[in-house]
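The values are calculated or read from the model by the stated rules, or taken from the named source; none is laboratory data. Computed from a predicted structure; not experimentally measured. Quick reminder, even Gly has a Cβ in these numbers, built from the backbone with ideal geometry, and neighbours come from all protein chains shown. Each accessible area value is taken on the protein alone, full model and side chains, heavy atoms only, with ligands, DNA and RNA left out. Shrake-Rupley method; radii C 1.70, N 1.55, O 1.52, S 1.80 Å.
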Amino acid sequence: MGNWVNFSMLWMLTGSPVAAAAILLMAYAIADWYTFGFLRGVAHAVADFQRGRRLRLVLLHNPHDRKARADLGQILISQRRHAGAIEVVKPLADADPHDVNALYLLGIACLATGRVDQGELFLTEVHKADPAFRGGAALLELGRHRIRRGAGAAVEPLRAFLDIYPHHVEARFLLSRAHQLAGNGSAATAERVRCWQEYETELPYQRRRDRVWAWRGRPSRPLLYAAIACCALALLGTALQRSGLTSSAHAAADVRSQTATR
């Protein structure tokens with residue numbers, strides 16, 4: 001409803017539905033760029049799909065290309081095709097048990113397919129072998145999946161991660177959820193406050209990346225913004241309806257006056 005109201009207003013102002021649609025799409029693109037980045041996510045998904053097809057052709061001709069196999073496994077994980085990712089990445093770990101990237105991808109895929117023990121074992125080995133791998137991503141993934149399973153044991157890996165990266169907004173929010181699952185309400189509240197404080201001190205490009213987690217950590221603001229937007233759309237809709245009724249009344253009066261004159 002709100003989109004149609006905006007489109008109608010722009011159509012009235014520009015006199016062209018094509019120009020109104022172009023302006024509306026441009027406004028949405030600009031707003032998306034400075035907020036959540038959904039359009040960037042769609043663009044990345046399309047690029048990954050095309051790149052995945054090329055990597056399959058490469059592996060079809062050269063199954064021993066480790067880089068192509070690792071890249072394809074990463075793409076399959078981003079597409080949530082975790083069973084296929086295990087089939088693609090497993091030969092890498094079989095050929096080199098010390099391949100940290102292969103163990104990391106296997107750990108994520110195993111956790112997503114319900115193989116919890118294997119997944120946690122792989123990610124733990126990654127952290128032991130290289131704690132700085134991908135910015136401590138192994139500990140962060142352990143915390144994420146434990147929270148999804150509703151396990152309060154997510155506190156331990158998230159605390160260890162924050163000891164190394166204390167300004168990570170997502171980890172702060174996840175730690176608050178972990179404390180909540182563990183029944184520690186005061187610690188959960190303190191971490192939510194810290195999550196928002198870390199977000200407020202970030203640079204603009206970091207805020208665009210972490211805005212979702214910060215707003216989830218302090219949900220009162222987006223709800224307030226949504227309420228204001230709904231009120232504004234309701235007022236615009238009422239104004240447009242009144243203007244339409246007024247114009248139709250004027251048109252009817254003109255028709256009656258012309259009939260009476262005749």
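Annotation: peptides 172-180, 119-127, 200-208, 87-95, ranked by per-residue average of other Cβ atoms within 10 Å with the highest first, follow the order 172-180, 119-127, 87-95, 200-208.
Within the accessible surface of segment 67-165, defined with a 1.4 Å probe on protein heavy atoms only, the carbon and sulfur portion equals 51 percent. When the square roots of the Cα gyration tensor eigenvalues are ordered a ≥ b ≥ c, the ratio a/c for segment 144-200 is 1.5 or more and a/b does not exceed b/c, which makes its shape oblate. Sorting 57-66, 75-84, 108-117 by average packing, meaning the other beta carbons within 10 Å per residue, from highest down gives 108-117, 75-84, 57-66.
Can you pull the semi-axes for segment 48-140, root of five times each eigenvalue of the Cα gyration tensor, sorted largest first, whole Å? The partial results should precede the final answer.
On the way: eigenvalues 95, 39, 28 Å².
Ellipsoid semi-axes (Å, largest first): 22, 14, 12.
What relative contact order, as a whole-number percentage, does segment 33-190 give when Cα pairs under 8 Å and 6 or more residues apart are counted?
Details: 172 pairs, mean separation 17.6, N = 158.
Contact order relative to length: 11 percent.
Under the simplified labelling scheme, the Arg134-Val116 pair shows an inter-label distance of 2.2 nm, with each label point 7 Å from Cα along Cα→Cβ. Taken along the Cα-to-beta-carbon direction at a fixed 7 Å, the label points for Ser186 and Val46 span 5.3 nm.
First obtain the Kirkwood hydrodynamic radius of segment 102-192 from its Cα pairs, then insert it into the Stokes-Einstein equation at 20 °C and 1.002 mPa s, and state the resulting D in µm² per second as a whole number. Rounded, D is 165 µm²/s.
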